[in-house]
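S.K.: Structure provided below as structure tokens; questions to follow.
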Amino acid sequence: MAFKHRFAAALLLFLGLCAAISPARAATFTIVGFGDSLMAGYSLGPGQGFTDRLQAALKAKGLDVAVANAGVSGDTSSGGLARLDWSVPDGTRLVILELGANDMLRGLSPKIAEKNLDAMLGKLKQRNIPVLLAGMRAAPNLGADYQKAFDAIYPRLAEKYRVPLYPFFLDGVAGHPDRQLEDGLHPNPRGVDVMVERILPVVEKAIADNGGKS
């Protein structure tokens, strides 16, 4: 009989601990970084990519977050649209949407990138998943007309869907060879740290605006 009482007490204690732990886990603010090689961490080592460094920076601020890497190197906006539904799981609290750079580098019509990004934002809105839109800028060698048309995509969509916009994902890296890989396109570890440092306040605000807590 004494054994039964001890077993029952142990079981109740275990169930109580589970009940205490479960809410803490549920409170974790889940972010998906959805993009191309800039998000994926092209040619970088473990822990050096944007999503890993962003998660570390947010946790250093006392935020209970998990940042998933849904970046695919070489992805265009068309590729992103095709994989969006299965790349962003239900329950995601914030998506950092970063696509369009490869459309631009291939000289594809800005109308294609805008149409695809528009569709992605619409799908995420239907699922009630908040978005932080990370913008891109066209390379000057593509010409003034292309540059003007491409650069206008992100502010226009951010206004249409009323989502926060981080104007240029490569801010602080583009034009700085010491923060880039030898290809002159992708950030090196120092460049990633600069990107994270600059976008961090915007991400923190997006977390706070969507119910995240420290």
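The values are calculated or read from the model by the stated rules, or taken from the named source; none is laboratory data. Because the structure is predicted, anything quoted here is derived from the model rather than measured. Virtual Cβ from ideal backbone geometry, glycine too; neighbours counted across all protein chains shown.
S.K.: Of everything in the stretch 83-130, what is hydroxyl-bearing (Ser, Thr, Tyr) and not in a helix (DSSP H, G or I)? Give them in sequence order.
M.R.: Once the filter is applied, which keeps residues that are hydroxyl-bearing (Ser, Thr, Tyr) and not in a helix (DSSP H, G or I), the stretch 83-130 yields 92, 109.
S.K.: Collect the residues in the stretch 131-156 that are touching a helix residue (DSSP H, G or I) at 6+ places or on another chain (Cβ under 6 Å) and either touching a residue at least 40 places away in the same chain (Cβ under 8 Å) or outside any helix (DSSP H, G or I) (or both), keeping them in residue-number order.
M.R.: If the condition is that a residue be touching a helix residue (DSSP H, G or I) at 6+ places or on another chain (Cβ under 6 Å) and either touching a residue at least 40 places away in the same chain (Cβ under 8 Å) or outside any helix (DSSP H, G or I) (or both), then 131, 132, 133, 135, 136, 137, 138, 150, 153 are the ones that fit.
For (1) among the charged types (D, E, K, R); (2) more than 15 Å from residue 34 (Cα to Cα), each residue gets a yes or a no:
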{"position": "93", "(1), (2)": "yes, no"}
{"position": "129", "(1), (2)": "no, no"}
{"position": "137", "(1), (2)": "yes, yes"}
{"position": "143", "(1), (2)": "no, yes"}
{"position": "159", "(1), (2)": "yes, yes"}
{"position": "166", "(1), (2)": "no, no"}
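S.K.: Cβ-Cβ below 7 Å, separation at least six or inter-chain, first residue in the stretch 54-75 and over 20 Å from residue 38 (Cβ atoms) and assigned to a helix (DSSP H, G or I), second at pLDDT 95 or above and not small (Gly, Ala, Ser): which pairs?
M.R.: Taking only residues 6 or more apart or on different chains, the pairs are 59/65.
S.K.: Which one of the conditions (1) outside any loop (DSSP other than H, G, I, E, B); (2) touching a helix residue (DSSP H, G or I) at 6+ places or on another chain (Cβ under 8 Å); (3) not basic (Lys, Arg) does residue 163 fail to meet, given that it meets all the rest?
M.R.: (1)
S.K.: Further question: Among the numbered conditions (1) at pLDDT 95 or above; (2) surrounded by 10 or more Cβ atoms within 10 Å (Cβ to Cβ), tell me where residue 11 comes up short.
M.R.: Residue 11 satisfies every listed condition except (1).
S.K.: Which of the residues spanning the stretch 67-79 are under 11 Å from the mean Cα position of the chain (by Cα) and either at pLDDT below 95 or surrounded by fewer than 21 Cβ atoms within 10 Å (Cβ to Cβ) (or both)?
M.R.: Passing the criteria: 68, 69.
S.K.: What is the one condition in (1) at pLDDT 95 or above; (2) out of contact with any helix residue (DSSP H, G or I) (no Cβ under 8 Å at 6 or more places or on another chain); (3) closer than 25 Å to residue 58 by Cα; (4) surrounded by fewer than 18 Cβ atoms within 10 Å (Cβ to Cβ) that residue 177 does not satisfy?
M.R.: Residue 177 satisfies every listed condition except (3).
S.K.: Then there's this: Among the numbered criteria (1) in a helix (DSSP H, G or I); (2) without any contact (Cβ under 8 Å) to a residue 40 or more places away in the chain, which one does residue 175 miss?
M.R.: All conditions pass for residue 175, except number (1).
S.K.: For the condition touching a Leu at 6+ places or on another chain (Cβ under 7 Å), modelled with pLDDT of 95 or more and surrounded by fewer than 19 Cβ atoms within 10 Å (Cβ to Cβ), what is the one hit in 145, 90, 118, 151?
M.R.: Just a single option satisfies the conditions, and that option is 118.
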